[in-house]
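**Q** I'd like to ask you about the structure that follows.
The values are calculated or read from the model by the stated rules, or taken from the named source; none is laboratory data. Since the structure is predicted, the reported quantities are computational estimates derived from the model, not experimental observations. Because the Cβ atoms are built from the backbone with ideal geometry, glycine has one as well, and the counts that use them run over all protein chains shown. Remember, those area values only see protein heavy atoms, side chains included, never the ligands or the DNA or RNA. Shrake-Rupley method; radii C 1.70, N 1.55, O 1.52, S 1.80 Å.
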Amino acid sequence: QSGFGPEGDRKDGALLGGADAARFPSVDITDSCGQETPKFSGGFDAFVAATPAIEPQAYNTIKKCPSCGKPCAVTMNTCNACAADLSEVAVSKSPNLFIGFIFGVDKTSFPLRISLRAETPTMLVFDDPLAITRAHLLAVPTDVYCPDLRSLFVAPAAGLELLRQMDEAAWAALAASHLASEPWRRKALSEAGIAMAPDELRRHVVRAFNLPPSQYQLHLQYMLPPMLPSHLGVFRKGAHFAKFRHFPFCYVVSALEAFIAAGAALPEAPQMATDDFVKALAERGVDYEKAHADDLAQLAESNALLANFCAEDFKYAIAEGQVYDRTNGSATDGTSAKEVEAADKLALQGYGRPYGEDGKPGGRYYAYAREPAALPTLG
């Protein structure tokens, strides 16, 4: 019944669940960022129909998780949100939500409101609706179409500058929102984390790209540990940050710098298979295997250092998909692990704060939404 550590786990593999939302301070998005109304009303498909030139940029190729509904990359055999099996799931097409955000489209099958943390005419930073940590942001360029990290290597110098802009924008947003809130910091972070200067804490942020992505517009994953307990479980099963899908930011930067130093580019990169792409980068002296291993080792270390979950803030213990009362160890009737994880997401995430009267996340539209036309490509 006890024995839970600050990472939210127990030695037998059980994880904390059933968070008491009232015990977890959140950080609201502000009305000073974004706008209340969309630029285009009528839905995503109508927007694409009215702007035919944008259609090649407007849709993703995905596997849709049959359990939680998450759009997952086509190479994935396990959902990285709920760990469901995707091996038999057919490939399908979905709207490119980030294109919808960039052009201020009102909705797909749901409103395209954004949990905005920062915006400029060339960049969006917002909370990830599928957050792995309590402070999980995405930085997305809005003035160029770059479907994934491979496109950076068509024009390495421009690609490197874009990455630096994304990194700085994400850090500035994190520092001005979650880290500027003393109540949030004191609940989310360990004493060691609270005591860190901002630049020291910044070194613990997980920065990475996914290849292939689930949304085909370059986005920097920017996550301050610790992971939510349920996602710690997914991570330890190997379904988060999988090899040859998780590409650490520093690895991509090093590879771009190597191409720049050699006066070279990789114009065929966007069409390359992941294995061939990694080999091409290895020829420039950049070791993916080491970068991936180092990044996951640093994440595990940072998670243990910064975690601050307290068992008394949770009602349940979850083990092997079964929900138990945390205090007496008895199995619960009528409460599934999936339901608990969905409720914990609402309790712990930063996305869409403050929630509306209906209890659902809120959001804003991009104030610098672009005029309808295909986005230029990098370089």
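**Q** Scanning region 11-50 for residues that are out of contact with any helix residue (DSSP H, G or I) (no Cβ under 9 Å at 6 or more places or on another chain) and basic (Lys, Arg), which turns out surrounded by the most Cβ atoms within 10 Å (Cβ to Cβ)?
**A** Ranking the qualifying residues of region 11-50, first place goes to LYS39.
**Q** Next question, about the same structure. Among (1) loosely packed, with under 13 Cβ neighbours inside 10 Å; (2) without any contact (Cβ under 8 Å) to a residue 60 or more places away in the chain, which single condition is ALA53 missing?
**A** Result: ALA53 passes all but (2).
**Q** If LEU152 satisfies every condition in (1) part of a helix (DSSP H, G or I); (2) open to solvent by less than 10 Å² (accessible area, probe 1.4 Å); (3) farther than 30 Å from GLY379 by Cα but one, which is the exception?
**A** Just one mismatch for LEU152, condition (3).
**Q** Go through region 248-298 and give me each residue that's on the phi > 0 side of the Ramachandran plot and either hydrophobic (A, V, I, L, M, F, W, C) or without any contact (Cβ under 8 Å) to a residue 12 or more places away in the chain (or both). I'd like the intermediate steps shown before the answer.
**A** Within region 248-298, the subset on the phi > 0 side of the Ramachandran plot is 263, 285.
Within region 248-298, GLY263 is the sole residue that qualifies.
**Q** Just for region 2-48: of the residues that are part of a helix (DSSP H, G or I) and of a type outside the set (Phe, Trp, Tyr), which one is farthest from the chain's Cα centre (by Cα)?
**A** For region 2-48, the residue satisfying everything is ALA46.
**Q** Next question, about the same structure. For region 86-126, give me the residue count where each residue is without any contact (Cβ under 8 Å) to a residue 12 or more places away in the chain and among the small types (Gly, Ala, Ser).
**A** 2
**Q** Pick from region 307-335 the residues that are at negative phi and among the acidic types (Asp, Glu): which of them is most open to solvent (accessible area, probe 1.4 Å)?
**A** ASP333
**Q** Moving on to the next point. Please find, among ALA293, ALA262, ALA280, ALA343, the residue that is surrounded by fewer than 21 Cβ atoms within 10 Å (Cβ to Cβ), within 20 Å of ALA81 (Cβ to Cβ) and not β-branched (Val, Ile, Thr). Let's see the steps before the verdict.
**A** Values: ALA293 fails: within 20 Å of ALA81 (Cβ to Cβ); ALA262 fails: within 20 Å of ALA81 (Cβ to Cβ); ALA280 fails: within 20 Å of ALA81 (Cβ to Cβ).
Matching residue, one of ALA293, ALA262, ALA280, ALA343: ALA343.
**Q** Can you find a residue in region 59-69 that is at pLDDT 95 or above and open to solvent by 80 Å² or more (accessible area, probe 1.4 Å)?
**A** No - not one qualifying residue is present in region 59-69.
**Q** Sticking with this structure for a sec: Which numbered condition in (1) within 30 Å of LEU116 (Cβ to Cβ); (2) free of Cβ contacts under 8 Å to residues at least 60 places away in the same chain is the only one that TYR368 fails?
**A** So TYR368 meets the others, but not (2).
**Q** While we're on this one: Of the residues that make up region 347-357, is at least one in contact with a strand residue (DSSP E or B) (Cβ under 8 Å, 6 or more places away or on another chain), aliphatic (A, V, I, L, M) and closer than 30 Å to SER32 by Cβ?
**A** yes
**Q** Take region 70-80 and flag every residue that is part of a loop (DSSP other than H, G, I, E, B), open to solvent by 40 Å² or more (accessible area, probe 1.4 Å) and in contact (Cβ under 8 Å) with a residue 60 or more places away in the chain.
**A** VAL74, THR75
**Q** Still on this structure, I have one more. Test SER254 against the criterion of being outside any loop (DSSP other than H, G, I, E, B), of a type in the set (S, T, N, Q) and touching a strand residue (DSSP E or B) at 6+ places or on another chain (Cβ under 8 Å), and give yes or no.
**A** So SER254 fails the test.
**Q** Which one is farthest from GLY159 (Cα to Cα), of the residues in region 248-297 that are basic (Lys, Arg) and over 25 Å from the mean Cα position of the chain (by Cα)?
**A** Filtering region 248-297 for residues basic (Lys, Arg) gives 279, 284, 290.
From the residues that got through so far, the ones that are over 25 Å from the mean Cα position of the chain (by Cα) too are 279, 284.
Values: LYS279: 19, ARG284: 17 Å.
The extreme case among them is LYS279.
**Q** So, of the residues in region 330-379 that are touching a Cys at 6+ places or on another chain (Cβ under 8 Å) and closer than 30 Å to LEU163 by Cα, which turns out to be modelled with the lowest pLDDT?
**A** LEU378
**Q** Another one. Restricting to region 118-149, what's the tally of residues that are among the charged types (D, E, K, R), over 14 Å from the mean Cα position of the chain (by Cα) and not in a loop (DSSP other than H, G, I, E, B)?
**A** 1
**Q** If you don't mind, another one. Can you tell me which of ASP45, ASP20 is more than 20 Å from VAL323 (Cβ to Cβ) and out of contact with any Gly (no Cβ under 8 Å at 6 or more places or on another chain)?
**A** Working: ASP20 fails: more than 20 Å from VAL323 (Cβ to Cβ).
The match here is ASP45.
**Q** Then there is this: Please go through region 90-106 and pick out each residue that is over 13 Å from ASN60 (Cβ atoms) and open to solvent by 30 Å² or more (accessible area, probe 1.4 Å).
**A** First, pick out the residues of region 90-106 that are over 13 Å from ASN60 (Cβ atoms): 90, 101-106.
Within region 90-106, ALA90 is the sole residue that qualifies.
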